[in-house]
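Written below as structure tokens is the structure these notes are about.
The values are calculated or read from the model by the stated rules, or taken from the named source; none is laboratory data. Keep in mind that this is a model prediction, so the values were computed, not measured. Cβ sites come from the backbone with ideal geometry, for glycine too, and all protein chains shown count toward neighbours. Accessible surface areas use protein heavy atoms only, side chains included; no ligands, DNA or RNA. Shrake-Rupley method; radii C 1.70, N 1.55, O 1.52, S 1.80 Å.
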Amino acid sequence: MGLMKLVRGGLVAAAVVAVGMGAVFTSSTPASAKKIMIKLGHPLPPKTGLQVWAEALKAGLEKRLGDRVEMKIFPVSQLGAIPRMIEGAQLGTIEMIEMPPAFFTGLDPRFGVLSAPGIFRDFSNGHRAVHDPEFKKAFWPIGERKGLKMIGMSCDVPTDYATVKPIHTLADFKGRKLRVFGSKFEIETLRRVGATGVPMPLSEVIPAIQQGTIDGNKAAMTVFVPFKYQTVAKYVFKAKSSIICINKMASKVWFDKLPRDIQTAIMEEAAKADDMILGWNQAVINKLYVVWTKTGGVLTELSDTEQAELQRRLST
């Protein structure tokens, strides 16, 4: 313990290496002086909530820790498709990732609970729920046995569907194949309206729509607008049934090796970014619906009667 205090205090630790009958004295750089590199990967383009959250965390850490850390952000699946990013975080080759919890259901099915329809009334309700101390105690640690540590969480956008053919009634769902994140809740949601949920990484969706493999994508306007979905699936159906939340995960094997003060800084700055992104998401979503219609997209909704029937089907 005394030696570690000396090293962390910035002093040079002497290492004695026995060589035959003599000794060689060398010196090592203090552990606290080594810059910590952080790569954060996510699947969406810049100017989306995931990127804004990451930039807020980066600014907070670099302001607080100075040149002890350097963070680089890799949007648009630059570090690999979603399954590869998750694997990288588990192994420690990627320090941080952001994506919806449904993508982690292969590691633990409990991650899928937030995909169930009707859980949250709105963004604020979702934000309060996922940061409630009892929820955090039960939910946030469930990835740790699989090598993933939750450092933050946000509820970003309503779930919508971008489709090749419009959806005006529940009957329009029948027979359609729509991409989903992959949780059993999402697959069951579509089954109850006569459609098939097809789990698929985001990077594969547009080619699958173009090839006719699937008929559309269940995601959000933060995906449809930046990726210009109006060129392949111009109809966006506003389902009004669920909100997409985002896990902010760190590699546990990497996080556990960090100095305690840097661990604390990450958790505290992530919490600040969570609070900040709530207001940002609320402001941007209505703008994205306007952009969609101005760039050739079409918005559709169910009638009040049909919406009530959808809620009835999904309520259990």
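Between the C-alpha center of region 127-152 and that of region 273-310 there is a gap of 27 Å.
Only protein heavy atoms count here; under a 1.4 Å probe, Thr222 has an accessible surface of about 10 Å². Among Gly118, Gly147, Gly212, the largest mean-square fluctuation in a Gaussian network model of the chain (Cα springs under 10 Å) belongs to Gly212. Residues in region 245-261 carry Karplus couplings, in order, of 9, 10, 7, 10, 10, 10, 5, 5, 4, 6, 4, 5, 8, 6, x, 4, 5 Hz; the curve used is 6.51 cos²θ - 1.76 cosθ + 1.60 with θ = phi - 60°, and Gly or Pro positions show x. Other residues whose C-beta falls under 13 angstrom from the C-beta of Val284 contribute a net charge of +1, scoring Lys and Arg +1 and Asp and Glu -1.
Only protein heavy atoms count here; on that basis, with a 1.4 Å probe, Thr231 has an accessible area of about 110 Å². Taking 0.36 nm per residue of sequence separation and removing the Cα-Cα distance, the Lys136/Thr293 pair yields an extension gain of 52.7 nm. Taking a Cβ cut-off of under 13 Å around Val205, the surrounding Lys, Arg, Asp and Glu residues balance to a net charge of +2, with basic ones at +1 and acidic ones at -1.
Over all pairs of different C-alpha atoms in the chain, the reciprocal of the mean inverse distance, the Kirkwood hydrodynamic radius, equals 21.2 Å. Note: relative contact order over region 221-306, using C-alpha pairs below 8 Å and six or more positions apart, is 65 percent. Based on Cα contacts under 8 Å between residues 6+ apart, the chain shows a relative contact order of 22 percent.
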